[in-house]
Structure formats: structure tokens, C-alpha cells
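Taken together, the values in this text are just the output of simple stated rules run on the coordinates, not laboratory data. A quick note: this is a predicted structure, and the numbers were derived from the prediction, not measured. Glycine also receives a Cβ, built like all others from the backbone with ideal geometry; neighbour counts cover every protein chain displayed.
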């Protein structure tokens, strides 16, 4: 798949981290314009469970509600559910992860995100980093790697999209 045709699914961490930290709307509105644009074209998508997982900050929740409905995709398809089950079986069978980590993973959107990406041939965008030795959490990149789903971070996504945030302000 060429980068021009790559469809990417956004993880909760991408949206919350960007909103709270390095791409806060008050200092980088261009980031949100870019994400909105690519959500409207279908290059970026948000699964229903990621959307539902975001409860704070209020400004991010409001932004999500203003997006076109086609930016959100449903995980209700039987193949996605079956694949999610396979992912959960793998997580539960891994002795490396603490039971608390397995529980947190089962209650979140990450398994569904990987399942949807796997079934539909899409990539996952996340702020999480692969960690082969982590026992306290089930890292999204670890699951992606196990199930041969490509993943990338926010910066790689922006490069793939060709995003540029050029400041044209005057120096004082």
C-alpha cells in the first residue's frame, strides 16, 4: 500500500495527548484543521470505541461531536468481533502481562482498534511505544506487531499526510 492510499485509525492517545500537550488548539490550530480535513476525506478514521472512550477534556469532546459522521466507523461487523476475540485470547494467554494489565486492556478500545485495522487492512496511529518487557500494561504496538498490523506515531502520520504547520508571524 502506498502512503497516498494508506488509511490510518487514530488511537485515543493521539487525540488526548495532542490536545493536552504539544498540539493544543490554542497554540496549534493548524494541527486540528489538518486532522479534521483528513477525517473528512477518509484518510484518517476513528473507531466508535475510541470516540466513546474520550470523556475529557471538554474541548476535545466538543471537537469530536462536530466531526462528520463518516469520520467514525463501527466495530460491530462480525469479522471485527471475531478478530477481537482472537486478540483477547492472545492477551489472556500471555503470562508476561499482569492480570490488572489484561483487565485494563479488555476494558479499553485498543483491542478493537487492532481488530478493525487487521480486518480492513488499515494502520494504527498511537503515542504508545513498543516495549517487549512491559508487564504492567498491554502496549498497543506490541499487539499490532503480534497481529502484523502496521502502526506509526503522530509525527510519522503527519509526514505521511504531508502536513506542514508554517508560522508566518512577525518577529518582535
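Counting neighbouring beta carbons within 10 Å and listing from fewest to most, the residues 80, 114, 61 come out as 61, 80, 114. In the chain, the DSSP-assigned H stretches of four residues or longer account for a calculated mean residue ellipticity at 222 nm of -14500 deg cm²/dmol, using -39500 (n - 2.57) per stretch and the full residue count as denominator. Over the C-alpha atoms of segment 8-161, the Rg to Rh ratio, Rh being the Kirkwood estimate, stands at 0.96. Once the Cβ-Cβ distance of residue 99 and residue 146 is raised to the sixth power relative to R0 = 25 Å, the FRET efficiency obtained is 0.85.
With both labels modelled 7 Å from their Cα along Cα-to-Cβ, the residue 106 to residue 86 distance reads 2.1 nm.
Per-residue extension of 0.36 nm, minus the Cα-Cα distance of residue 48 and residue 155, leaves a gain of 36.2 nm for this segment.
Taking the fewest neighbouring Cβ atoms within 10 Å as the starting point, the ordered list for 157, 88 is 88, 157.
Rounded to the nearest 0.05, what FRET efficiency is calculated for residue 168 and residue 132 with R0 set to 35 Å and r the Cβ-Cβ distance? Efficiency at R0 = 35 Å is approximately 0.20. Centre-to-centre separation between the Cα atoms of segment 144-159 and those of segment 47-108: 16 Å. Here the residues 153, 26, ranked from fewest to most Cβ neighbours within 10 Å of their Cβ, fall in the order 26, 153.
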